[in-house]
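Notes to accompany the following structure.
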Amino acid sequence: MVGRVWDDGPMLFSVQVEVSLREGVADPQGSTIERSLPHLGFDGVRGVRVGKSIRFELEATDESAAVAEVEDLCRRFLTNPVIEDSHVTVTAVEAAR
């Protein structure tokens, strides 16, 4: 959904940012978890990678503006763009008050 849903004022969006290490970047936490799982009876688990999830609400004029702001926030603050990637999900919640 792109564009305004409500006619009056800014909209409120629920944002979820999933941050993960880029392919080829060592993931010592993931490796530690993967090595430990067989000792706990979880055989056959491979390729464990650890990331982080960041959730917040954001006011913006429309969904496109919200996505652009969150992507800029990711590049400038939430991720290390040299070693991390991010996946952004933006969902309209309601008209902001």
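Rundown of residues vs (1) modelled with pLDDT of 95 or more; (2) of a type in the set (S, T, N, Q), yes/no style:
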residue: VAL2; (1), (2): no, no
residue: TRP6; (1), (2): no, no
residue: SER20; (1), (2): yes, yes
residue: LEU37; (1), (2): yes, no
residue: GLU59; (1), (2): yes, no
residue: VAL67; (1), (2): yes, no
residue: ILE83; (1), (2): yes, no
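Within the stretch 49-97, being open to solvent by less than 60 Å² (accessible area, probe 1.4 Å) and among the aromatic types (Phe, Trp, Tyr) holds for one residue alone: PHE56.
Quick one: in the stretch 24-48, which of the residues that are of a type in the set (D, E, K, R) and within 24 Å of the chain's Cα centre (by Cα) is most open to solvent (accessible area, probe 1.4 Å)? For the stretch 24-48, the residue satisfying everything is ARG46.
The values are calculated or read from the model by the stated rules, or taken from the named source; none is laboratory data. The shown structure was predicted, so the numbers you read here are calculated from the model rather than taken from an experiment. With ligands, DNA and RNA removed, areas are computed over all heavy atoms of the protein, side chains included. Shrake-Rupley method; radii C 1.70, N 1.55, O 1.52, S 1.80 Å.
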